[in-house]
Every structure is written in C-alpha cells, then in structure tokens.
Amino acid sequence: MSEARIIPLHATDDEALPRWRPSESSGRSGTSAADDDADLGLPPEPDTEPEPAAWEEALGETLAFLRRRLSGDYAVDDFGFDADLTDNLLLPALRPLYQKWFRVETIGMRNVPDIGGALVVANHSGTLPLDALMTAVALHDDHPARRHLRMLGADLMFRLPVAGSLARKQGSTLACSPDAERLMSSGELVGVWPEGFKGIGKPFRDRYKLQRFGRGGFVSAALRTGVPIVPCSIVGAEEIYPKIGDLKPLARLFGAPYFPVTPLFPLFGPIGLIPLPSKWYIEFGEPIQTDTIDPADADDPMTVFNLTDQVRETIQHTLYRLLSQRRNAFLG
C-alpha cells in the first residue's frame, strides 16, 4: 500500500519534483517508513504504546484485587496471615499516617537481614500501639526486600471484635515462645515489644524510660532458633497521646489495663482520638548474633538475663542519643 508524499505547490526550476515509486516505502533496502518521515520533516512514530496513567494502573490493581477476593484466589498461612489483603488494603491505609502525619524516617535499615529469620525488639509507647504498626510499614516500604513483620501481641488484642481479626490477617500472633520459634524457624521476620502494656500505658512524665523487659522469653526463642536479634528504637510515639491520667474505674469496666486521660481525650470526645503529628525516627541497631551461643543455654537464666539486659541497654542508649539530636518533638 502506497503512502502519499507531500509535493511543493510552487516548485522552482532548481527544485526537481520528486518522483514517487512504490518501492521507496516498502521494497527499498536499508530504509524504513521512519526514515521517510525523517526526510520529510515529520515526527517519528512512537516505538511503543504510551504508558497508562497512574489512575488507570490503580484502577486495574483494585479490580484485580477484588477479583481475587471474590474468587478466593489468595493464600492464608497457618497463623491467619493474608499477604494479599495486607499489601493491598491494610498497609495502604496506614501509609498516610506513616508518610504525611508522622513523617517517619528510618535509620540503619541495612541491619535488618534481607532473608531468613530474625527478631526485631523495640521499645513500646504512645498509649495506643501505633508504634508497632508504623514499624511494620517501615520494614515493608523502606527495606530493600520489602519484608513483612510478624508481630507478637498480647491476648487482649486478639479478643477485640474487629482489630483482633485484622491483626491476624496482617500477620500478628500471640506472644508465646512456640509461635515465635515456629515463625523464626521458617525464615520470618518477627517483631516483639517486651514492655507490653507497661510501656504504652506509662505516664507522659516517664516518656522514653524503658520499663522492665519481662522474663526474657523473646531471648530464649531467639537462642533456640539461632536467629539474630535486631534492637529497634522508636522516637516520636510518646508524644502522640500524652497520658496525664488514668481512669481506673472505667478501665476495670471495659476490662482494659488502663483508661487514658490526655490533654484532648476524653474532654474533646472523638476529636481527642486524633494522634498529635509528632516527628518520628525509627532506628534499627546492629544485630546481636545468637548462632554462636549453644541453644541449650536458652534454659540458662543467667545467659538469658545478660542478653536481655544487653538488648534493653542498647535500645535505651539509642533513645537518649536520638533525643539529644532532636530539636523539637513535632518538627524534628
């Protein structure tokens, strides 16, 4: 099929009129239609189709996600972890808090292994356990291997009607040695907050002062599986809900460890549930290797105590260093 060539209407004698031959566009050796377009001053045709717009990609991913949910084409492990739901619904719901509200910066991400089991041990604070959720987002979004954090939580969390089910789907499980050892033995990245409710429920005057780390059960689990322990220090969570009081009668009524009073809650009702926009820093320290220690020492109280104290002191000193470098709790 021939193509039309543009011929000047007012050709001069010096400009010979070009003669059209069908072979010039199709049968000519070593040339192409793109060369002809270049000779005529026409823009070359694009080699590839234009990339779809961002909203088109988002719409396509959403439709694919809904199709998988409706058809049941997704996997759930023995602990209830739903990676498809976590990546496409739960983590995106937390990203505005992580990126825009708390403006989280991570330090030392290289200390978290790309593959294999490991135990992340962090300080706990903030009245509500948002620090655990932000740590999970950090390890998925900022780590090169985009790792999922399998969090160990108290049984109270799993008794809550909606939050408990979502926690299971995000990969959390009960904070007990058998579950922790099974996860780490299978190569999962496990997170634990040994302070528990003593950490997140402490008064604002005790901010960034680590509470007791329990009996060191997390250390025993790491020793039995031989995985590294990664100390994690979180600065910024203490200021989101400054706890200045505790209504113990209401806490007993609801079966909660405490009923917090903050400058905005319960005085301002639901508005008081909005966390203050503090600036966060999450630092992952040098991993403490446990594979050089005899697994039998997991039952030795002195070995467990010394290692637990080492992890706790590492986190505490890192908190003090980060606080000394911070100029303002909300501006960083």
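The values are calculated or read from the model by the stated rules, or taken from the named source; none is laboratory data. Everything numeric here is computed off the predicted structure, so don't read it as measured data. Cβ: placed from backbone, ideal geometry, glycine included. Neighbour counts: every protein chain shown.
Scan the range 155-173 and give yes if some residue there is of a type in the set (A, V, I, L, M, F, W, C), farther than 17 Å from D87 by Cα and in contact with a strand residue (DSSP E or B) (Cβ under 8 Å, 6 or more places away or on another chain), otherwise no.
Yes.
Restricting the first residue to the range 79-100 and requiring it to be on the phi < 0 side of the Ramachandran plot, which pairs with a second residue that is surrounded by fewer than 16 Cβ atoms within 10 Å (Cβ to Cβ) and part of a loop (DSSP other than H, G, I, E, B) meet a Cβ separation below 6 Å and a spacing of at least six or different chains?
If the second residue must be surrounded by fewer than 16 Cβ atoms within 10 Å (Cβ to Cβ) and part of a loop (DSSP other than H, G, I, E, B), the pairs left are D82/V76; D84/Y74.
Within the range 298-321, is there a residue that is of a type in the set (A, V, I, L, M, F, W, C) and free of Cβ contacts under 8 Å to residues at least 12 places away in the same chain?
In the first step, residues of the range 298-321 are kept if they are of a type in the set (A, V, I, L, M, F, W, C); the result is 298, 302, 304-305, 307, 311, 315, 319.
Now restrict to residues that are free of Cβ contacts under 8 Å to residues at least 12 places away in the same chain: 302.
Yes, that holds for at least one residue.
Yes/no per residue for (1) of a type outside the set (D, E, K, R); (2) within 21 Å of F254 (Cα to Cα):
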| site | (1), (2) |
| --- | --- |
| A167 | yes, yes |
| A175 | yes, no |
| V190 | yes, no |
| E195 | no, no |
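Being closer than 24 Å to M151 by Cα and of a type in the set (S, T, Y) is true for just one of T225, T292. Which residue is that? Steps first, please.
Details: T292 fails: closer than 24 Å to M151 by Cα.
It is T225.
Just checking, which of F81, F65 is assigned by TED's automatic domain parsing to the domain that holds K169 and at pLDDT 90 or above? Please lay out each step first, then the result.
Values: F65 fails: assigned by TED's automatic domain parsing to the domain that holds K169.
The match here is F81.
Pick out the one residue from V121, V162 that is β-branched (V, I, T) and either in contact with a His (Cβ under 6 Å, 6 or more places away or on another chain) or over 19 Å from E283 (Cβ atoms) (or both).
Numbers: V121 fails: either in contact with a His (Cβ under 6 Å, 6 or more places away or on another chain) or over 19 Å from E283 (Cβ atoms) (or both).
After applying the criteria, what remains is V162.
If I ask for residues that are of a type in the set (D, E, K, R) and either within 30 Å of R327 (Cα to Cα) or within 28 Å of the chain's Cα centre (by Cα) (or both), which ones from the range 221-266 would you list? Show your work before the answer.
Taking the range 221-266 and keeping what is of a type in the set (D, E, K, R), we get 224, 238-239, 243, 246, 248, 252.
Matches in the range 221-266: R224, E238, E239, K243, D246.
Would you mind finding the one in Q310, Q316, Q289 that is assigned by TED's automatic domain parsing to the domain that holds K198, modelled with pLDDT of 95 or more and more than 26 Å from the chain's Cα centre (by Cα)?
On the way: Q316 fails: more than 26 Å from the chain's Cα centre (by Cα); Q289 fails: more than 26 Å from the chain's Cα centre (by Cα).
None of the other options fit; the residue is Q310.
Anything in the range 313-332 that is among the basic types (K, R) and either in a helix (DSSP H, G or I) or over 26 Å from P287 (Cα atoms) (or both)? List them, or say none. Break it down into steps so the answer makes sense when it comes.
Of the residues in the range 313-332, the ones among the basic types (K, R) are 321, 326-327.
Once the filter is applied, which keeps residues that are among the basic types (K, R) and either in a helix (DSSP H, G or I) or over 26 Å from P287 (Cα atoms) (or both), the range 313-332 yields R321, R327.
From the list P266, P249, pick out the single residue that is more than 26 Å from L139 (Cα to Cα), free of Cβ contacts under 8 Å to residues at least 40 places away in the same chain and assigned to a helix (DSSP H, G or I). Full working, then the answer.
Working: P266 fails: assigned to a helix (DSSP H, G or I).
Selected residue: P249, the only one of P266, P249 that is more than 26 Å from L139 (Cα to Cα), free of Cβ contacts under 8 Å to residues at least 40 places away in the same chain and assigned to a helix (DSSP H, G or I).
Go through (1) free of Cβ contacts under 8 Å to residues at least 24 places away in the same chain; (2) surrounded by fewer than 13 Cβ atoms within 10 Å (Cβ to Cβ); (3) not polar (S, T, N, Q) one by one and return the number of the condition D291 breaks.
(1)
I need every pair where a residue in the range 188-203 that is within 10 Å of P129 (Cα to Cα) has its Cβ under 8 Å from the Cβ of a residue that is of a type in the set (K, R), sequence separation at least 6 or different chains.
Taking only residues 6 or more apart or on different chains, the pairs are G201/K243.
Spot the failing condition for A256; the list is (1) under 18 Å from E195 (Cβ atoms); (2) at pLDDT 95 or above, and only one is missed.
(2)
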